[in-house]
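The values are calculated or read from the model by the stated rules, or taken from the named source; none is laboratory data. Because the structure is predicted, anything quoted here is derived from the model rather than measured. Methodologically, a virtual Cβ is constructed for each residue, glycine included, from the backbone with ideal geometry; neighbour enumeration extends over all protein chains shown.
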Amino acid sequence: MKNKILTSVIITVLFALLIVASSFITIINLEQIKNTKEQLRNINLLVSELNDVTDISRNDYEELKALNNTKINGIDVRFTLINDNGVVLYDNEQKSSENHRDREEVKKAMETGEGYSKRYSETIKSDLIYYATRLNNNFVIRSSVSINSVTIILKENIKYCFGILLVVMPFSLFLSLRLVKKIIDPVKELESVTLKMTHGDYKIRANINTNDELGTLGNSFNNMAEQLQIKIREVIDNQNKIESILKSMESGVIAVDNCNMVISINPCAESLLGIKKNIVGECLLDHIKDYDIIRFLEQDDVNDKEIKIRHPMERDFKIKKSAMVDGMEGVGKVITFQDITDINRVELMRSQFVANVSHELKTPLTSIKGFAETLKFVKDDETREKFLDIIDKEAERLSRLINDILVLSNIESNLAVDMHEFEPGSVIEEVINIMRKTAINKNIKLEFKDNSNEKIFGDRDKFHQLALNLIENAIKYSKDTSGKVEVLSYNEDKYYCLRVKDNGLGIPKEDISRIFERFYRVDKSRKKGGTGLGLAIVKHIVKIFNGEIYVKSELGVGTCFEVKIPYL
């Protein structure tokens with residue numbers, strides 16, 4: 001831009017100088033021609049006053065010859081005497097035999113007394129300025145001078161023109177550079193600021209101290225930069241908020257354009273679909289392996305659907321898609337993946353729970369009802385006592401089942417919680433004393449070691465229920481003759497630990513993940529009795545204490561339950 005402005009200024013100056021010089025030379029030449037014309041006229045007037053010129057009888061023209069040294073601007077003046085018939089009577093340079101009556105200047109002089117012309121002379125082969133004057137005897141005296149007498153002014157003064165040009169050009173160049181600098185510096189400042197802003201520096205501002213149009217432009221630019229910085233900050237803040245929301249969502253969200261190219265995807269969607277790399281800008285369908293999802297995405301008439309996938313793991317999804325619209329034009333769609341596996345599992349567990357409760361309640365009630373009706377027709381006392389014992393056992397079983405259901409319901413609803421510090425070892429000691437008779441009856445060795453020396457905070461009764469269920473199960477599933485149950489209470493880092501280990505039947509690996517479900521029994525024949533709610537109660541009590549429970553078991557070798565409860 002600097003070179004363009006400088007070149008334009010120099011060309012403008014040169015063009016102006018050329019116009020001025022041409023105009024000046026033209027004016028000088030016109031003035032010189034006028035002066036030459038006036039001098040020729042004066043010379044003619046001088047000649048007309050010579051008496052012998054008007055004397056036709058004489059032909060020596062001595063008076064005219066005396067004027068041969070007359071010069072204008074250093075160039076000899078040519079004199080020509082023409083009679084009234086146009087015949088040249090005298091010429092001090094070269095007499096022409098041609099008739100001059102039709103010559104422009106001669107014709108005008110004969111008609112009006114004076115005539116002027118500027119033309120090329122065939123006689124002396126040169127451009128001349130002619131001035132003719134009619135004499136008293138109707139002769140015409142014509143004086144002329146070469147056009148060089150006029151242009152000589154240019155030749156004499158051309159050195160002055162060059163001198164002026166040499167002075168004006170550096171001065172013009174200096175002024176041009178100052179002008180260019182004054183224009184370019186603010187533009188360079190704006191260019192530098194713009195370049196830095198393109199690299200992310202939105203705090204920089206243009207420093208322009210002029211009050212002209214460039215100053216106004218600089219101020220407008222700074223205001224624009226200020227507004228741009230504010231808008232970018234708002235956009236970044238909104239984008240960070242949206243990204244934070246998307247990252248914290250437990251539902252997968254994917255935004256794609258009309259060609260299914262991924263615009264945005266949150267970590268939950270990547271995890272659910274088994275995507276392990278950044279796929280923004282790539283086709284979503286290339287990274288989905290489930291046919292049902294691909295078909296759903298390709299269908300325009302279906303907007304929500306429940307789908308079960310098996311990759312990367314078996315899950316139940318509820319998928320929805322909605323259009324993204326920019327004005328009136330659709331630019332893509334947003335797809336949400338809601339994992340409903342746990343919801344479906346809870347619903348299944350709820351239905352199974354209802355079915356199991358109904359079944360568990362129905363069995364003893366059926367027995368009680370059947371034997372009660374039979375008693376009406378039994379006359380034998382021994383048989384009647386036998387039936388009454390069965391009814392009593394079934395009633396006790398029904399009572400125990402209802403009691404466990406109420407305990408589980410109480411724990412889940414978190415009702416009547418009595419929170420205080422207590423020593424876990426003393427609670428376990430109470431449980432051991434309760435279960436010792438049962439263990440002796442089954443010839444099971446029951447050992448307890450208390451290495452804990454700190455108190456825990458919580459509901460003492462629920463902890464008692466937890467220990468009772470674990471120890472009772474260990475005794476129940478231990479070997480009848482050589483069984484052994486070890487109970488250990490100890491501290492480990494910031495946790496209180498309770499370990500209950502037996503050498504009983506053990507639990508198959510396929511059943512370990514389900515033993516804490518309601519009414520689930522490893523012993524499908526139910527020979528060991530129980531309601532199937534004991535371990536479910538244990539798991540809920542452990543959650544109340546913010547703890548964890550772990551199971552290790554080997555079929556035919558035994559089972560070990562370990563509970564870890566954090567100290568406050």
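Condition check ((1) in contact with a Pro (Cβ under 7 Å, 6 or more places away or on another chain); (2) of a type outside the set (Ser, Thr, Tyr); (3) assigned by TED's automatic domain parsing to the domain that holds residue 332; (4) surrounded by 14 or more Cβ atoms within 10 Å (Cβ to Cβ)) across all residues:
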residue	(1), (2), (3), (4)
178	no, yes, no, no
191	no, yes, no, no
208	yes, yes, no, yes
221	no, yes, no, yes
230	no, yes, no, no
239	no, yes, no, no
258	no, yes, yes, no
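Could you tell me whether any residue of the range 108-130 is of a type in the set (Val, Ile, Thr), at pLDDT below 75 and assigned to a loop (DSSP other than H, G, I, E, B)? Checked the range 108-130: at least one residue is of a type in the set (Val, Ile, Thr), at pLDDT below 75 and assigned to a loop (DSSP other than H, G, I, E, B). With a requirement of 3 or more residues that are out of contact with any His (no Cβ under 9 Å at 6 or more places or on another chain) and modelled with pLDDT under 90, the strands (runs of 3 or more DSSP E) lying completely within the range 405-515 that satisfy it span 419-422.
Yes/no per residue for (1) at pLDDT 75 or above; (2) out of contact with any Leu (no Cβ under 8 Å at 6 or more places or on another chain); (3) exposed (fewer than 12 other Cβ atoms within 10 Å of the Cβ):
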| site | (1), (2), (3) |
| --- | --- |
| 6 | no, no, no |
| 24 | no, yes, no |
| 27 | yes, yes, yes |
| 35 | yes, yes, no |
| 45 | yes, yes, no |
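Which residues, taken from the range 246-268, are modelled with pLDDT of 85 or more and assigned to a helix (DSSP H, G or I)? Once the filter is applied, which keeps residues that are modelled with pLDDT of 85 or more and assigned to a helix (DSSP H, G or I), the range 246-268 yields 267, 268.
Scanning the range 172-208 for residues that are closer than 22 Å to residue 230 by Cα and of a type in the set (Phe, Trp, Tyr) returns a single hit, 202. The C-beta contact set for the range 494-510 (first residue buried (at least 22 other Cβ atoms within 10 Å of the Cβ), second residue among the polar types (S, T, N, Q), distance under 6 angstrom, 6+ apart or interchain) comprises 498/489; 502/478; 502/559; 504/478.
None of 371, 353 is surrounded by 12 or more Cβ atoms within 10 Å (Cβ to Cβ), outside the structural domain of residue 496 (by TED's automatic domain parsing) and at pLDDT below 65 except 353.
Consider the range 545-568 and keep the residues that are within 54 Å of the chain's Cα centre (by Cα) and charged (D, E, K, R). The one that is farthest from residue 484 (Cα to Cα) is 548.
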